[in-house]
Amino acid sequence: MVSKKIIINASAAKYGGAKTIIESFISWIGDYDDQTQFILMAPQKPEALPANVHFVKKETSGISTLLFSCLGIFWFCLKYRVSHCISFNNVNLLLPICRRITYFHQAKVFTEKSLRFKLIALAIHLLKGSTIVVQSPLIQQRFAEQFSKYYKFLVKWPGIKPEVAPQLPVQIDSNEQNEFVVLWPVTDPNVSQKNLDWFYPHKGWLVANRIKLLVTSEQKLDLPNTVALGQISRSQLFDLYQRVDAVLIVSIEETLCLPIFEAASLGVKVMVLNMPYIEAIKDWRGLPQNVQLFDNVKQLDLPPNLDKNTATSKDDYFMPDWLIY
């Protein structure tokens, strides 16, 4: 007997970390819950869709995501007579007609003052009393400081799902002698927290170390020896992790930054600019030994060859925790 009917609002999860999180949740449903009925509203149908998950194609962006998540989803909740509304769009249905669970993964809400983020903050204020799922204790603390403690908080780890080799691997030009290939996995370098500005005063460091910088974005950057790969699939990304010499993360702020742990799981060296978000995760769960935090580039060691036998084997990095409803 079905005890719950849950609508999953993932209308903005088109690519990147948001899409990965949805795929992790749907995979977990397939492994652990065949009793609950789900309605998944997302831009793309997952490749492996459990029998108890009904897919409805829905894609939103920008302000339309906010309007749909706060108001538009109301009609679908009535249509499907749901008991729960799980939103992966940082905000949720404003009317308390069912249990509302919001997966929060947008740290820019804490700092951005644009109209869009002011509206998101207002919507979050109106969700007091509902459940907020966050990715680390630091995000819970900052959320409570910003919006109050009058929410039910769940701190959940999304896990790491390995990928099989892609049918079409991304082509990398043959390395010059002693070239050091570094991957910067960002889909939009202009997002302020990704910290594109970090690279400009470090152009000399890139040249001096013969670094070839690969960026998973369509945008070509004014940086030496940089290749814009365009958007790639997740399986292609995992393949790249294993073929580069290092992964570089210079974000100022993240809720989690899953590529750090994806790459580390495969043994690649991950160089992460030291910021409060990663320090908090280090204190909470610890970091794989092949993750190096740095404050300045002088602390980085760039050998031409790396021992990739240092992949994390901790089960708790791979296992997701999706007990949220």
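The values are calculated or read from the model by the stated rules, or taken from the named source; none is laboratory data. Given the structure is predicted, the values throughout are model-derived calculations rather than measurements. Neighbour counts run over all protein chains shown; Cβ positions are idealised from the backbone, glycine included. These accessible areas exclude ligands, DNA and RNA; they are computed on the full protein's heavy atoms, side chains included. Shrake-Rupley method; radii C 1.70, N 1.55, O 1.52, S 1.80 Å.
Quick look at the numbers
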item: Residue within the stretch 176-198 that is hydroxyl-bearing (Ser, Thr, Tyr), free of Cβ contacts under 8 Å to residues at least 24 places away in the same chain and open to solvent by 10 Å² or more (accessible area, probe 1.4 Å) present; result: no
item: Residues satisfying the stated conditions in the stretch 212-252, i.e. charged (D, E, K, R) and under 13 Å from GLU262 (Cα atoms); result: ARG234, ASP239
item: Meets criteria (out of contact with any strand residue (DSSP E or B) (no Cβ under 7 Å at 6 or more places or on another chain), farther than 30 Å from GLY230 by Cα and open to solvent by less than 40 Å² (accessible area, probe 1.4 Å)) for ALA107; result: no
item: Sole residue being assigned to a strand (DSSP E or B) and over 16 Å from HIS105 (Cβ atoms), chosen from ILE7, ILE29; result: ILE7
item: Inter-residue pairs, beta-carbon under 8 Å, first aromatic (Phe, Trp, Tyr) and in the stretch 254-272, second at pLDDT below 95, 6+ apart; result: PHE261/ILE160; PHE261/PRO288; PHE261/THR312; PHE261/TYR317
item: Options LEU119, LEU138, LEU127: the member that is aliphatic (A, V, I, L, M) and surrounded by fewer than 18 Cβ atoms within 10 Å (Cβ to Cβ); result: LEU119
item: Within the stretch 94-189, strands (runs of 3 or more DSSP E) holding 1 or more residues that are in contact with a Pro (Cβ under 7 Å, 6 or more places away or on another chain); result: 152-155, 180-184
item: Output for the stretch 116-150, where each listed residue is free of Cβ contacts under 8 Å to residues at least 60 places away in the same chain and in contact with a Leu (Cβ under 7 Å, 6 or more places away or on another chain); result: LEU119, ILE120, ALA123, LEU126
item: Any pair with Cβ under 8 angstrom, 6 or more apart, that starts in the stretch 308-325 at a residue that is at pLDDT 60 or above and ends at one that is among the aromatic types (Phe, Trp, Tyr) and loosely packed, with under 14 Cβ neighbours inside 10 Å; result: TRP322/TYR32
item: Evaluation of GLY62 against (1) modelled with pLDDT of 95 or more; (2) farther than 21 Å from TYR277 by Cα; (3) among the small types (Gly, Ala, Ser) (one fails), failing number; result: (1)
item: Matching residues, the stretch 15-39, being out of contact with any strand residue (DSSP E or B) (no Cβ under 9 Å at 6 or more places or on another chain), over 15 Å from LEU237 (Cβ atoms) and open to solvent by 30 Å² or more (accessible area, probe 1.4 Å); result: SER27, ASP31, TYR32, ASP34, GLN35
item: Residue selected from the stretch 1-12 under the condition open to solvent by 10 Å² or more (accessible area, probe 1.4 Å) and in contact with a strand residue (DSSP E or B) (Cβ under 8 Å, 6 or more places away or on another chain), by the criterion nearest to ILE86 (Cα to Cα); result: LYS5
item: Unmet criterion (only one of (1) surrounded by 15 or more Cβ atoms within 10 Å (Cβ to Cβ); (2) in contact (Cβ under 8 Å) with a residue 60 or more places away in the chain) for VAL53; result: (2)
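Residue-wise test of (1) polar (S, T, N, Q); (2) open to solvent by 50 Å² or more (accessible area, probe 1.4 Å); (3) modelled with pLDDT of 95 or more.
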{"residue": "TRP205", "(1), (2), (3)": "no, no, yes"}
{"residue": "ALA208", "(1), (2), (3)": "no, yes, no"}
{"residue": "GLU218", "(1), (2), (3)": "no, yes, no"}
{"residue": "GLN231", "(1), (2), (3)": "yes, yes, no"}
{"residue": "GLN242", "(1), (2), (3)": "yes, yes, no"}
{"residue": "SER251", "(1), (2), (3)": "yes, no, yes"}
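Yes/no matrix, rows are residues, columns are (1) part of a strand (DSSP E or B); (2) more than 29 Å from VAL133 (Cβ to Cβ):
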residue	(1), (2)
ASP197	no, yes
VAL227	yes, yes
LEU240	no, yes
ILE252	no, no
